[in-house]
Structure formats: C-alpha cells, structure tokens
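Taking it in order: structure first as structure tokens, then the write-up.
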C-alpha cells in the first residue's frame, strides 16, 4: 500500500492506495518509488494532462494503470520535449503522455487498446 496526500479546493486528504491486477490480487511493486509529492488538483478540469515519470535517459513509465487510447508516435519518430506521444485513459480521463526530452522514440511497442499498470514502461526517447 502506498500513502498519498491530495489537496482539492484547499482541503487536504490522505489516502492509502493499493494497486491490484486483473485477477483482483494485490500487485507487488518491483522497486520502491520515491514518496509522492503533494498535488494541488484543479476544481473542475476539462482534460487532464499528466506528466509522466521520466528518468534522465528519456524512459517514460505509466503514471497510473489504464488503457492506451491513442498512439500518436512510433518507434523511430523524432520528438521534442513536450510532444504528445500517446493518450492514456484512466478513471474515465484522457491523460496526455509526453516526451520528456528531445530525441527519437527508441522503443514503443504498445498498441491502442493495450492495458498498462502504474510504473510500466511506456516508451523511451533516445
């Protein structure tokens, strides 16, 4: 279980979050993640643009479990930092997953309709 703190309209809430797999069993994380930052959520967002977790190498992981709604780039495509690479649908919201750095998409094997777990590698920019 992970503990998160979220602030909505100036009111702070703490919650425990457990990632579960398709069979309903708890999924054990591969590596311990850094503590989650405090996030101030907008009151009524029209769309949510999530910033993916990115390492200095340009690896982008899923910020949450969801379904790949659209794949806008392919392996070998040139991208600039901030370019939208794919759309991840999670909790009925479309999250734009962007390239963290300028470069070329080195690996992207996901297709539309694929499901991912939080922390799964989505793509790399080299």
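Readers should treat all values here as calculations from the given coordinates under stated rules, not as data from a laboratory. Bear in mind the structure is a predicted one, so any value in this text is a computation, not a measurement. Positions of Cβ are generated from backbone atoms using ideal geometry, with glycine treated the same way; all protein chains shown enter the neighbour counts.
If r is the Cβ-Cβ distance from residue 15 to residue 69 and R0 is 35 Å, what FRET efficiency results, to the nearest 0.05?
With a Förster radius of 35 Å, E is 0.85.
Among 60, 17, 79, rank each residue by its count of other Cβ atoms within 10 Å, from fewest to most, as a rough exposure measure.
Fewest-to-most Cβ neighbours within 10 Å comes out as 17, 79, 60.
Tell me, 64, 91 in order of fewest to most beta-carbon neighbours within 10 Å?
Result, fewest neighbours first: 91, 64.
Under a plain spin-label model, where a point goes 7 Å from the Cα along Cα-to-Cβ, how far apart in nm are residue 7 and residue 80?
Going by the 7 Å Cα→Cβ label model, 3.3 nm.
Going by how many other beta carbons lie within 10 Å of each one, how would you line up 104, 8, 116, fewest first?
Going from least to most buried by this count: 8, 104, 116.
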